[in-house]
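Enquirer: Pasting a structure here, questions to come.
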Amino acid sequence: MSTCADLPVLECEVPEEGLKLDLVLRPREQKDGEPQYWPLFNADNPEEHFGNMLFKTHKGGVLTLRITLDLSEVPGRELEFVRYKQDHKLDGIIALTPDFRHQFRARAREVDGDYTKLIIKIRDKDRIPDRFNFLWMCVDPATGMHFVSGDPKAGVDPAPPAEN
């Protein structure tokens, strides 16, 4: 079974003016009761896919991940990102690490009647290195059945201040 650690890391530096990335998430069916990793692809280069993530942030830089759900690996399933009705700050994600919400905000967006777009904004407020564990989470709206990924760890590291 492939795990997040077996795949390349999505690494990028987030400048002060911010950065936007378009990505594609492909849920997979669970096999033999094992957690399944869902590949995260670069929308501009579908051959490039990632496991874990590491973001180096400059002061004030906000990273925006625009994630589109691709159901090609789960034919016949009608999945969408889970939406939390009381608090839409972590749609599509189950946080496994304390203080995850401090730096991550995730909001599901509707496309053609289904919530298949997830906008995540990541901001390093405290300027300290953090590591986060989370799961991607989708739901079949007709049955209420949940589909959950393996843990794609995310890291946020502040970039050193620029020297004058």
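The values are calculated or read from the model by the stated rules, or taken from the named source; none is laboratory data. Worth saying up front: this structure is predicted, and the values here are computed from it rather than measured. Cβ placement follows ideal geometry from the backbone for every residue including glycine, while neighbour counts extend to all protein chains displayed. Note: areas computed on protein heavy atoms with side chains; ligands, DNA, RNA excluded. Shrake-Rupley method; radii C 1.70, N 1.55, O 1.52, S 1.80 Å.
Enquirer: What are the residue pairs meeting all of these: first residue in segment 1-12, first residue at pLDDT below 90, second residue of a type in the set (D, E, K, R), Cβ atoms under 7 Å, and 6 or more apart or on different chains?
Expert: Met1/Glu34; Cys4/Asp151; Cys4/Lys153
Enquirer: So, one more: Of the conditions (1) modelled with pLDDT under 90; (2) of a type in the set (A, V, I, L, M, F, W, C); (3) under 25 Å from Met145 (Cβ atoms), Val82 fails just one. Which one is it?
Expert: (1)
Enquirer: Shifting gears a bit: Yes or no: Leu135 over 21 Å from Asp22 (Cβ atoms) and within 12 Å of the chain's Cα centre (by Cα)? So that I can check it myself, show each step before the final result.
Expert: On the way: over 21 Å from Asp22 (Cβ atoms): yes; within 12 Å of the chain's Cα centre (by Cα): yes.
Judged against the criteria, Leu135 is a match.
Enquirer: May I ask you to list the residues in segment 73-124 that are hydroxyl-bearing (Ser, Thr, Tyr) and farther than 20 Å from Phe41 by Cα? Working first, answer last.
Expert: Restricting attention to segment 73-124, the residues satisfying the condition of being hydroxyl-bearing (Ser, Thr, Tyr) are 84, 97, 115-116.
Correct list: Tyr84, Thr97.
Enquirer: Next question, about the same structure. Condition first: of a type in the set (S, T, N, Q) and either open to solvent by 50 Å² or more (accessible area, probe 1.4 Å) or assigned to a loop (DSSP other than H, G, I, E, B) (or both). Now tell me which residues in segment 20-65 satisfy that. Let's see the steps before the verdict.
Expert: First, the residues of segment 20-65 that are of a type in the set (S, T, N, Q): 30, 36, 42, 45, 52, 57, 64.
Once the filter is applied, which keeps residues that are of a type in the set (S, T, N, Q) and either open to solvent by 50 Å² or more (accessible area, probe 1.4 Å) or assigned to a loop (DSSP other than H, G, I, E, B) (or both), segment 20-65 yields Gln30, Asn45, Asn52.
Enquirer: Just to check your reading of the model, which residue among Ile120, Ile128 is exposed (fewer than 12 other Cβ atoms within 10 Å of the Cβ), over 22 Å from Gly33 (Cα atoms) and among the β-branched types (Val, Ile, Thr)?
Expert: Being exposed (fewer than 12 other Cβ atoms within 10 Å of the Cβ), over 22 Å from Gly33 (Cα atoms) and among the β-branched types (Val, Ile, Thr) holds for just one of Ile120, Ile128, which is Ile128.
Enquirer: Hey, can you tell me all the residues within segment 131-145 that are under 22 Å from Glu78 (Cα atoms) and open to solvent by less than 30 Å² (accessible area, probe 1.4 Å)? Please lay out each step first, then the result.
Expert: First pass over segment 131-145, keeping only residues under 22 Å from Glu78 (Cα atoms): 135-145.
Answer for segment 131-145, where residues must be under 22 Å from Glu78 (Cα atoms) and open to solvent by less than 30 Å² (accessible area, probe 1.4 Å): Trp136, Met137, Cys138, Val139, Asp140.
Enquirer: Of the numbered conditions (1) open to solvent by 50 Å² or more (accessible area, probe 1.4 Å); (2) under 29 Å from Asp126 (Cα atoms); (3) more than 14 Å from the chain's Cα centre (by Cα), Arg77 fails exactly one; give the number of that condition.
Expert: The failed condition is (2).
Enquirer: Okay, next question. Just to verify a result, which residue in segment 8-18, among those that are aliphatic (A, V, I, L, M) and under 15 Å from the mean Cα position of the chain (by Cα), is surrounded by the fewest Cβ atoms within 10 Å (Cβ to Cβ)? Don't jump to the end; show me each part of the working.
Expert: Just the residues of segment 8-18 that are aliphatic (A, V, I, L, M), to begin with: 9-10, 14.
Then keep just the ones that are under 15 Å from the mean Cα position of the chain (by Cα); that gives 9-10.
Working: Val9: 16, Leu10: 20.
Out of the qualifying residues, it is Val9.
Enquirer: Here is a list: Val148, Val156. Which entry is open to solvent by 50 Å² or more (accessible area, probe 1.4 Å), of a type in the set (Val, Ile, Thr) and assigned to a strand (DSSP E or B)? Spell out how you get there, then give the answer.
Expert: Working: Val156 fails: open to solvent by 50 Å² or more (accessible area, probe 1.4 Å).
Of Val148, Val156, the one residue that is open to solvent by 50 Å² or more (accessible area, probe 1.4 Å), of a type in the set (Val, Ile, Thr) and assigned to a strand (DSSP E or B) is Val148.
Enquirer: Which of the residues belonging to segment 25-37 are in contact with a strand residue (DSSP E or B) (Cβ under 9 Å, 6 or more places away or on another chain) and at pLDDT below 90? Don't jump to the end; show me each part of the working.
Expert: At the first step, the residues of segment 25-37 found to be in contact with a strand residue (DSSP E or B) (Cβ under 9 Å, 6 or more places away or on another chain) are 25-30, 35-37.
Listed by number, the residues that qualify are Arg28, Glu29, Gln30, Pro35, Gln36, Tyr37.
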